[in-house]
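FYI, it's all coordinate maths here, none of it is from the lab. Computed from a predicted model, the values in this text were never measured in an experiment. Note: ideal-geometry Cβ built from the backbone for every residue, glycine included; neighbour counts use all protein chains shown.
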Amino acid sequence: MSRFKKLSHTIWHCEYHIVWVPKYRYRVMEGKIKEEVESCVREQSRQMSCEVQEMNVQVDHVHMIVPIPPKLSISEYMGRLKGKSAIRVLSVFRDLRRHRFWGNHFWAQGYCVGTVGLDAEMIRKYVKWQEKAEQRQEEFRFSGEQRNPRSLNGVREMAMPERIVACRCRSGATRAVSLGGVFILKGSKGMTIFG
């Protein structure tokens, strides 16, 4: 089966990796709220002729990979998706409206979007496994200063699918990405590259 799809005058393959957060990045998307957000996003996407390929709803953000046809702009898609899902979530879970920060808004303004190209499989695995990786990262954060046998210069690392590595080190770095054996650490003191 071809990855390309057809419209009346267009053959297209436009996949996007989209991330967005609830207002003030509150950690509220658990249990029933998480299920409602996921079902609402999938339903709205289906109504706009978009099929969600991967989705991961976490307590404070949503990751999604979705092909969007060229006749539909991403801003239009996200506007409708966030608007309809916010109305639905706030009507089902009325206690969220009572929180003084919500007003009538469930989602924060804006979103992050990137195109999915040649590394599509790696991005799908990242979206699928990110929640487990963040849980492991939280465990590292609260585990104290125990040495890990797989450490490199005091950096505790955790292998993730493909070439992505999350870590925590003494210098304050909280994330690292391994690109072909080269580690890029992002921390409060800038970026360090070593291999």
Sparse-neighbourhood loop sites, trypsin sites (Lys or Arg not before Pro) in segment 50-135 - DSSP loop, at most 16 other Cβ within 10 angstrom | K71, R94, R100
Where Rh is the Kirkwood radius over the Cα pairs of segment 1-123, the temperature 37 °C and the viscosity 0.692 mPa s, what D in µm²/s does Stokes-Einstein return?
-> 215 µm²/s
When we measure straight from the Cα of K32, which lysines land under 28 angstrom away, once same-chain ones fewer than 8 places off are left out?
-> K23, K82, K84, K125, K128, K132
